[in-house]
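One structure is given below, encoded as structure tokens.
Please treat every number below as a calculation from the coordinates, not as lab data. The model shown is predicted, which means the values in this text are computed figures rather than measured ones. Cβ placement follows ideal geometry from the backbone for every residue including glycine, while neighbour counts extend to all protein chains displayed.
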There are 2 protein chains.
Amino acid sequence: MTSLLGTSFIGSTRSSGTNSCGQGINPATGETLAPEYFSATPEEVEQAVRLAADAFPAYSAIPGKQRGAFLRAIAERIEAAGDEIATRGPKETGLPEARLRGETGRTCGQLRMFASLVEEGSWVDARIERAQPDRQPLPKPDIRSMSVPLGPVAVFCASNFPLAFSVAGGDTASALAAGCPVVAIAHHSHPGLAEIVAAAVIMAADETGMPDGVFSLLYGGGRAVGQSVVKHPAIQAVGFTGSRAGGTALMATAAARPQPIPVYAEMSSINPVVILPGAFAKGEETLAEAFFGSLTMGVGQFCTNPGLVFLTEGSGDAFLAKLKSLVEAGAPGTMLNAGICKAYQESSSSIAAVSGVETLARSSADCGHGQGAPAVFSVSAKDFLANEELQGEMFGPATLVVRGSIDDITAAVSALEGQLTATLHATEDELAANEALVSALRNRCGRLLFGGFPTGVEVCSSMVHGGPYPSTSDGRSTSVGTMAIHRFTRPAAWQGFPDAALPAELRNGNPLGIKRHEA
Amino acid sequence: MTSLLGTSFIGSTRSSGTNSCGQGINPATGETLAPEYFSATPEEVEQAVRLAADAFPAYSAIPGKQRGAFLRAIAERIEAAGDEIATRGPKETGLPEARLRGETGRTCGQLRMFASLVEEGSWVDARIERAQPDRQPLPKPDIRSMSVPLGPVAVFCASNFPLAFSVAGGDTASALAAGCPVVAIAHHSHPGLAEIVAAAVIMAADETGMPDGVFSLLYGGGRAVGQSVVKHPAIQAVGFTGSRAGGTALMATAAARPQPIPVYAEMSSINPVVILPGAFAKGEETLAEAFFGSLTMGVGQFCTNPGLVFLTEGSGDAFLAKLKSLVEAGAPGTMLNAGICKAYQESSSSIAAVSGVETLARSSADCGHGQGAPAVFSVSAKDFLANEELQGEMFGPATLVVRGSIDDITAAVSALEGQLTATLHATEDELAANEALVSALRNRCGRLLFGGFPTGVEVCSSMVHGGPYPSTSDGRSTSVGTMAIHRFTRPAAWQGFPDAALPAELRNGNPLGIKRHEA
């Protein structure tokens, strides 16, 4: 067990900041957890980013096989800290130990997935067009291109995935895999987990001979430290998972820099589920149970939580009756932190006051300290279309049922803001017969499901966990799966270079044996 | 010959706007060219974008082979208008007929390149991960992904490539190839060429049965029409080639929308050329002649024009002497329009007043109406580093020679803004011995050349015509070559879909026979 110090990691050295930025808080009890944490000073922020910038030329030139070894070492070090994570995690996050152990596995799985990707090496999209000196009217030069890393990346830790989207989560893993040093900014909601994982990353960097500055972790109160990192001229991209307000603030900062930089913010999504009548043939109550399971998983604190259900008029009465009874009997759960709990209580109260909205059911159990309970509301498709505020996210186990004709539903879906996911429950005949609805769903989301539920995001090569704004800041990207690495790269071309001076990926003999596009 | 009407194309119908936005002007004489042109009205702008949005579902679903036929038909129609282009073009642009005929060929070549790309179909990066229902602890769902088009795209025509980066140029060709309808905004510098080419596009759309609204061309004075297109909620991306002021204005507009959208602006670049002493072994005068050819090609009005040359102290005296004599004897040339000519005269005058800058040579010939003449300036690397304004673009046949030690040059290169290209002339030994310099050059540009000159951008699969800001707004992209299509797409995933409901690219039998990633 390492003992927690409460200080930032400025590369391989520890911060000496003395301004408190608070302590971890047990959301189930409100008690504070030792130790106290200290903000990185402005000088330390500068030092961390400078170290990252200085590490970039060396780190980006390290072959994929060695970068893979670094990522694998991080995974091993995190696994070695598994008991520590399982002890500290539930206290800081309110999440059960089993979830934290599962998320540790997912985090290490992601690190190893990116390790495999860069060890194999074809991901760089190497393209080779050889010279044709005799071409008329002009000779053709030798031009070769591949993806190269952008530079130091700022990664903001997420509250709802304290491991898989935090210090060494998907953003960090994909940025490091791409060849970009990472300056991570801890989330105040789990400072201890952040420290445990950062120590693992730093040990792994040391063990595998990575340059100092390839990774730093900064603590800070409020938004000052995070904003100053994003404003720093050496930072070349930003990864973020969190609220729409937080994400759009970073987008504004990044766009206002003398050199604007890309921000990959995964923000809000209400993940519409459309159920057409034929889908009920399999059993309305069974579908309601499955839906309720997705709605309440992790106390509804997943970005793919199904916050919106469309039903055609006159169908799904038994589904709704069962959903109501499940919600009424639903147990409250401890939410991640006091801020999220308060925001959930507010958003799931204020929606009931919107014109046309009916509260179908609320959990009848009393909420304990820091808890949120399931709730389900309903509204007509016409009223939904008339009230943009009904597209606001209730981050927690609440959902809004919208009923209308198929045309009303198609119009409502067409008017939705961008979503991470959209789900259609229907027969294959209904799928074929409702082209306009399916096209509207396709247009509004990153991942379109036929059947099933959006929670549970598979980490694989075909996953798209991204979607049109505001579900993400940049719908041209995914933050889950192997394609996430492309967020931190740009294409670069070499013209007329001698073979020995080219990167190995582009040399004549294809020494790495990767897949290449050769014309 | 079609007769020019002076009105916008709102899809397949012609505008009825009555507000004049001026006429073409012969930059060599200042005379105005018939007909008068008329701004699209706000209602017509709305109509053009609405038509594009309405065309999007149908157009984006059209198979690649049919989209390819549309692009090929555009090329044929443009070729059929070749004489008309060659007659009108020189009058509007000051460019010689041979250049316009050559650029017509390049434009049609680009259209056919994108046609081949989408007819073949593998460009969509299809990824297939099949279900594993028995996987423990959880079943794996069937997830498939590919690139899908973003939606209607605004394309701004460029003054310096009145065909290859205008109405049916690279931006339009790649957006149409991706499945995105295009709303083009004409450049005031060549309204007649724009009308000729737009008529060709509309005829091709009609011949190949494309939905009305797949293409529109709008005329407008000032920036009102262009800005209103970019602000329109249905527009999903912007393509632009032009000035830094113009590009950054569009970036600001796009970022301030309720839904921010990507802007691909190819802006300013001064394209540094570093010549190390060994490169002179091949002949200083020969190198000076080749450099002068690149500098003055097209009166220096290429985005890859070499506006900056680094020489190590004590080397290249004969190169400079020859360059001076070539510049002094250099003929002025007619520039594209009065605004560009004025800006060139101003920037190539004001640089001489910057501390430490010496005017090495100016053309001794008198400039006629609308003409610009070659000029070469010099400064020490230390003064260059101390004066950021020396990184400003002189758009025309002027260049700045910077001399210093190899360390000074490396420091100056490291401090450069982002560039489209960087070029190194050196021996292979010098290339190997100057890792820091080469790394700095690589970091600052999209395309790095060893020998040769940056003008002449090969249109092929490996070309990267993009670079870090401000050479482009988004260094993760290229505006030339097949990769340009990816600017107008996003990844989209389908989960659990029946085979028949999937796009052909993702079906089990691979009916299109494309390359896919299958896990």
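Of note:
- When only Cα pairs below 8 angstrom with a gap of at least 6 residues are kept, chain B shows a relative contact order of 17 percent.
- Label zone at residue B:58, where the point sits 7 Å out along the Cα-to-Cβ direction: the range B:151-183 residues whose backbone N lies under 14 Å: B:181
- Local electrostatic count at residue A:65 - Lys and Arg +1, Asp and Glu -1, tallied over other residues with Cβ under 13 Å: -1
- Label spacing, shortest first and in nm, from residue A:65 to its equivalents in the remaining copies (7 angstrom along Cα→Cβ): 4.5
- Mean-position separation - Cα centroids, the range A:394-434 and the range A:15-77, in angstrom: 41 Å
- Note on A:367, A:341: ascending count of other Cβ atoms within 10 Å places them as A:367, A:341, the fewest first.
- Hits among lysines - C-alpha to C-alpha of residue B:140 under 18 Å, sequence gap 8 or more where chains match: none
- Residue and distance for the chain B Cβ closest to the axis that moves B onto A, in whole Å, come to B:255, 2.
- Partner shielding of A:435-444 amounts to 3, given as the average count of beta-carbon atoms from other chains within 10 Å of each residue beta-carbon.
- Against the rule of thumb 2.2 N^0.38 Å, how large the Cα Rg of the protein assembly as shown comes out: 0.96
- Seen from residue A:187, the other residues with C-beta closer than 13 Å to its C-beta sum to a net charge of -2, counting Lys and Arg as +1 and Asp and Glu as -1.
- Gyration tensor verdict on the range B:230-311 (Cα atoms; rounded if a/c is under 1.5, prolate if a/b is larger than b/c, oblate otherwise): prolate
- Neighbour-count ranking [beta-carbon atoms within 10 angstrom, fewest first] of B:145, A:228, B:325: B:325, A:228, B:145
- Under 5 Å, built H, 5+ apart or other chain: amide partners of residue A:239: A:154, A:155, A:156, A:264
- Reachable aspartates and glutamates from residue B:382, criterion Cα separation under 18 angstrom, eight or more residues apart if same chain: B:313, B:358, B:407, B:408, B:417
- Counting from the shortest, the label point at residue A:407, 7 Å from Cα toward Cβ, is 7.8 nm from the same position in each remaining copy.
- Partner shielding of B:105-114 amounts to 0, given as the average count of beta-carbon atoms from other chains within 10 Å of each residue beta-carbon.
- Protection-proxy order for peptides B:8-17, B:174-183, each taking the mean of Cβ atoms within 10 Å per residue, highest first: B:174-183, B:8-17
- Between amide H atoms placed 1.01 Å from N, distances below 5 Å from residue B:274 occur with B:310, B:423, B:424, B:425, all of them 5 or more places distant or on a separate chain.
- Computed [θ] at 222 nm, deg cm²/dmol, the protein assembly as shown (DSSP H ≥ 4; -39,500 (n - 2.57); rounded to nearest 500): -11500 deg cm²/dmol
- Cubic angstrom per residue, convex hull over Cα atoms of the range A:272-450: 100 Å³
- All lysines inside 26 Å of residue B:91 as judged from Cα atoms, apart from same-chain residues fewer than 8 positions distant: B:342
- 5 angstrom amide H check on residue A:182, placed H, neighbours 5+ away: A:153, A:215, A:216
- Of the residues B:354, A:214, B:379, the one with the fewest other Cβ atoms within 10 Å heads the list, and the complete ranking is B:354, B:379, A:214.
- With eigenvalues of the C-alpha gyration tensor scaled by 5 and rooted, chain B, Å: 41, 31, 19
- Here the spin labels are modelled as points 7 Å beyond Cα on the Cα-Cβ line, and at residue B:13 and residue A:369 they lie 6.9 nm apart.
- Span-like helix check, chain B: qualifying full DSSP H segments, with Cα axial length of 27 Å or more and mean Kyte-Doolittle of -0.5 or more, are B:42-61.
- Unit Cα scatterers, Debye sum, the range B:375-519: log10 I(q)/I(0) for q = 0.19 Å⁻¹: -1.24
- Label point 7 Å beyond Cα along the C-beta direction, distances from residue A:499 to other copies (nm, shortest first): 4.5
- Shielding by partners for peptide B:482-492, expressed as the average number of C-beta atoms from other protein chains within 10 Å of each residue's C-beta, is 5.
- For the range A:26-31, the Karplus equation 6.51 cos²θ - 1.76 cosθ + 1.60, evaluated at θ = phi - 60°, returns couplings of 6, x, 7, 10, x, 6 Hz by residue, with Gly and Pro reported as x.
- C-alpha center-to-center spacing [the range B:131-205, the range A:260-312] in angstrom: 32 Å
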